[in-house]
Amino acid sequence: MRAICLVVILGCLCDTIFGIDLTLTSQAYGNEVVEAVINLIRENCIFAEDKRYLRRLAYFESHDGTDPKTYRSGYHGGIWQVDENKFIQTQNNPALQAKYDIIWNVFGIDWSRVTWYDLRKPLYSGLAAALYTVYTSGTGGMDWRIEQQATFWENYYHTGGRATNFTIEAGVLDEGNALSLNG
């Protein structure tokens, strides 16, 4: 029981340190930040059925922001490495109006005023990745299978990338999660 309480308390502390919301802190990184962003996105039905895609994507694209290239000069895609052309597709898109309404009502963010530079904040990067994925995956949504997610990533998110690389990294992430749950 004490262990469970400790985990809950530590989880709360990881989202905010000394009153600072790391999901809104430019260039914040780490597993806890990524998990906090994904929880906000899922809990508010922006991409409730992502089927671990956003988690795998953050790990693959930037190792949760720990890769030194994550916040490189001139590139602002953040932890989820959302390219500028993909970010632009998430703005003023009638198909995403219901999501914009949620983002405004929950976070007070007017998505039409967000800039690519804002994606240096983890919440904004995660929201952009979610919006882009929701838009491009259509009504079919996202598949649970890593291989299908890797194919989606290769065809829509990072054209020119190799799906096998995504599959391998996602497997490493999922295996690590299983080990930490069992250990």
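Residues that are touching a residue at least 60 places away in the same chain (Cβ under 8 Å), assigned to a helix (DSSP H, G or I) and among the hydrophobic types (A, V, I, L, M, F, W, C) do not occur anywhere in segment 81-88.
Show me the helices (runs of 4 or more DSSP H) found entirely inside segment 103-183 where at least 1 residues are of a type in the set (A, V, I, L, M) and surrounded by fewer than 20 Cβ atoms within 10 Å (Cβ to Cβ).
163-182
When segment 48-60 is examined, which residues are found to be in a helix (DSSP H, G or I) and over 10 Å from the mean Cα position of the chain (by Cα)?
Residue satisfying the conditions is Phe60 alone.
As a summary of the residue check, Arg55 satisfies the conditions (1) within 15 Å of Phe152 (Cβ to Cβ); (2) touching a Leu at 6+ places or on another chain (Cβ under 6 Å) except for the one numbered (2). Residue pairs whose Cβ atoms lie under 8 Å apart, separated by 6 or more positions or on different chains, with the first residue in segment 45-64 and closer than 12 Å to Leu173 by Cα and the second among the acidic types (Asp, Glu) and assigned to a helix (DSSP H, G or I), are Arg52/Asp174; Arg55/Glu35; Arg56/Glu169; Arg56/Asp174; Tyr59/Glu169; Phe60/Glu169.
Conditions tested, residue by residue: (1) buried (at least 22 other Cβ atoms within 10 Å of the Cβ); (2) modelled with pLDDT under 95; (3) assigned to a helix (DSSP H, G or I).
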| residue | (1), (2), (3) |
| --- | --- |
| Leu6 | no, yes, yes |
| Ile9 | no, yes, yes |
| Tyr29 | no, no, no |
| Glu35 | no, no, yes |
| Ile46 | yes, yes, no |
| Lys69 | no, no, no |
| Leu96 | no, no, yes |
| Asp101 | no, no, yes |
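The residues of segment 11-27 that are at pLDDT 85 or above and assigned to a strand (DSSP E or B), listed by number, are Ile20, Asp21. For segment 99-117, the count of residues that are among the hydroxyl-bearing types (Ser, Thr, Tyr), under 18 Å from Ala48 (Cα atoms) and under 14 Å from the mean Cα position of the chain (by Cα) is zero.
The values are calculated or read from the model by the stated rules, or taken from the named source; none is laboratory data. All of these numbers come straight from a predicted model, not from anything done at the bench. FYI the Cβ positions are ideal-geometry reconstructions off the backbone, even for glycines, and counts take in every protein chain you see.
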